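Only one structure is covered here, and it is reproduced in the block below.
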Amino acid sequence: MMEAPTVTAVVLAYGPEPLIGDCVEALLASRDVSCDVVLVDNGGTDGRIEHFRTRERVTVVGHGTNLGFAGGCNLGARLATGDYLALVNGDAVIDPDCLSRLVAVVRRPEVGLAGASIRLYDQPDLLNSGGNTFHFRGFSWCGHINEPAADFPAEM
């Protein structure tokens, strides 16, 4: 039997993070992949990070200094041990099949990066983002916000 792919998920904690526990637990409960989490204390202010310092398959790094999004992600990525790297917002609670579906896409030879659709937490049938639109000058905005997720194919 083939071994499950390994994924390291880097999660940043900045400010109050009321969903960080749900986020980390959902990642650890991923199906068909073996996931570990690098939780970066990028200025978490509500003490929720402390719970994870002794949690199996979770590594907490950082000392509460805000390194910015890119700096925090880079710090976490340096500690990644998985075959695949996922950057996950601390307020994202993923579906159990999310990482395995992303890995399946990234394994294709013509693909180098994959991203999931993002649903609204309190209205999961609506999109928060179905892919960001990029302007040639570098501006970006959420595509398809508040539109029904069912209106968009699984892959775009």
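The values are calculated or read from the model by the stated rules, or taken from the named source; none is laboratory data. Since we're looking at a predicted model, the values are computed, not measured. Quick reminder, even Gly has a Cβ in these numbers, built from the backbone with ideal geometry, and neighbours come from all protein chains shown. Calculation scope for accessible area: heavy atoms of the full protein, side chains included, ligands and nucleic acids excluded. Shrake-Rupley method; radii C 1.70, N 1.55, O 1.52, S 1.80 Å.
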Seminar exercise, completed: Amide H contacts under 5 Å for THR59, restricted to residues at least 5 apart in sequence or on another chain and with H modeled in the peptide plane, are VAL37, VAL38, LEU39
For this session: Take the alpha carbon gyration tensor of segment 103-156, find the square roots of its eigenvalues, order them as a ≥ b ≥ c, and report rounded if a/c is under 1.5; if not, report prolate when a/b exceeds b/c, else oblate.
Result: oblate
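Suppose a student asked you for the relative contact order of segment 31-128, using Cα pairs under 8 Å spaced at least 6 residues apart; what percent would you report?
24
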Exercise. Which FRET efficiency value, to the nearest 0.05, do you get for SER34 and PHE134 by plugging their Cβ-Cβ distance into 1/(1 + (r/R0)^6) with R0 = 35 Å?
Worked result: 0.60
Seminar exercise, completed: Rounded to whole Å², per residue accessible area for segment 41-134 with a 1.4 Å probe reads 64
For this session: For segment 33-45, just list the computed ³J(HN,Hα) in residue order, Karplus coefficients 6.51, -1.76 and 1.60, θ = phi - 60°, integers in Hz, with x standing in for Gly and Pro.
Result: 9, 9, 10, 10, 10, 9, 9, 9, 7, 9, x, x, 10
Exercise. When every alpha-carbon pair in segment 83-125 is counted, what percent end up more than 13 Å apart?
Worked result: 58
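Helix-derived [θ] at 222 nm for the chain: sum -39500 (n - 2.57) over DSSP H runs of at least 4, divide by residue count, nearest 500?
-5500 deg cm²/dmol
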Seminar exercise, completed: Farthest towards the positive end of the dipole of the chain, among TRP141, VAL10, ALA77 and with Cβ unit charges of +1 on Lys and Arg and -1 on Asp and Glu, lies the Cα of ALA77
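Extension gain ASN74-ASN146, at 0.36 nm per residue separation less the Cα-Cα distance, in nm?
22.8 nm
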Exercise. In nm, to one decimal, how far is the modelled label at GLU155 from the one at ARG108, with both set 7 Å along Cα→Cβ?
Worked result: 0.3
For this session: Beyond 17 Å, what share of the Cα-Cα pairs of segment 51-91 is found? Please give it as a whole percent.
Result: 35
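Just the number: Rg to Rh for segment 19-74, Cα atoms, Kirkwood Rh, two decimals.
0.97
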Exercise. Gain in length, ASP122 to THR45, computed as 0.36 nm per residue apart minus the alpha-carbon separation, to one decimal in nm?
Worked result: 25.4 nm
For this session: Give the span of the chain's Cα atoms along each principal axis, as three whole-Å numbers ordered largest to smallest.
Result: 42, 41, 32
For this session: Give me the percent of the accessible area of the chain that comes from carbon and sulfur atoms, probe 1.4 Å, all protein chains in place.
Result: 54
